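In what follows, a single structure is set out as structure tokens and then discussed.
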Amino acid sequence: MGRMINERADRATASAAPCRVTVCRGCCCGDPAKIPGVDHSGQIPRLRAALDGAAPVRASECLDVCDQANVVVVQPSAAGRAAGGRPVWLGLVNDDAALADIAAWIRSGGPGLAEPPGVLDLYAIKVSRRVREALEG
């Protein structure tokens, strides 16, 4: 019973200012002609289901890193930002295993609160300050 109370408290805290997830769906991301063999239209619903309410997921217009399609940005929760977490940009997110790893990391706390699974290092990308500020602004 104590575990259920802790889980409810954790969800209540996380829901106050949770991580936020942005999935690019601009000119290249989500385009079956550019990246064939990926269920682009199913990515966002599958990510939402895997997160089970732990973080909102939104689609964005082009994030201007087209060579890394499909792009997902994980922004830290308020607690994660207070702990030093910053937005993490992930590129080439074109398979369900990557979505599952992203969701598990966010459910564990996300940027600033939990170490990402090591495999996500392969997806991490650097973007220009201009691009970062456009999303955060």
- In region 62-78, how many are at pLDDT below 95 and not in a helix (DSSP H, G or I)? 4
- Query: Out of curiosity, is Arg132 buried (at least 16 other Cβ atoms within 10 Å of the Cβ), without any contact (Cβ under 8 Å) to a residue 40 or more places away in the chain and either in a helix (DSSP H, G or I) or under 14 Å from the mean Cα position of the chain (by Cα) (or both)?
  - Reply: no
- With the checklist (1) crowded, with 21+ Cβ neighbours inside 10 Å; (2) within 14 Å of Cys24 (Cα to Cα) in hand, flag the one item Val65 doesn't pass. (1)
- Message: Among the residues in region 98-117, are any loosely packed, with under 13 Cβ neighbours inside 10 Å and not in a loop (DSSP other than H, G, I, E, B)?
- Response: no
- Task: Could you list all residues from region 26-61 that are in a helix (DSSP H, G or I) and either hydrophobic (A, V, I, L, M, F, W, C) or in contact with a Gly (Cβ under 8 Å, 6 or more places away or on another chain) (or both)?
- Result: His40, Ser41, Gln43, Ile44, Leu47, Ala49, Ala50, Leu51
- Message: Can you find, within region 14-46, the residue that is nearest to Arg107 (Cα to Cα) among those that are open to solvent by less than 60 Å² (accessible area, probe 1.4 Å) and among the polar types (S, T, N, Q)?
- Response: Thr22
- Message: Here's a check for you: in region 72-103, which residue that is of a type in the set (Val, Ile, Thr) and within 9 Å of the chain's Cα centre (by Cα) is nearest to Ala55 (Cα to Cα)?
- Response: Val74
- Message: Pull out all pairs, ordered by first then second residue, where Cβ-Cβ is under 8 Å, the residues are six or more apart or on different chains, the first lies in region 43-61 and is closer than 18 Å to Leu135 by Cα, and the second is part of a helix (DSSP H, G or I) and open to solvent by less than 70 Å² (accessible area, probe 1.4 Å).
- Response: Ala55/Ala14; Ala55/Ile106; Val57/Ile44; Val57/Leu47; Val57/Leu51; Ala59/Ile44; Ser60/Leu135
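The values are calculated or read from the model by the stated rules, or taken from the named source; none is laboratory data. The structure displayed is predicted, hence computed values, not measured ones. All Cβ positions, glycine included, derive from the backbone under ideal geometry; neighbour counts span all protein chains shown. The area values use the complete protein model at the heavy-atom level, side chains included, leaving out ligands, DNA and RNA. Shrake-Rupley method; radii C 1.70, N 1.55, O 1.52, S 1.80 Å.
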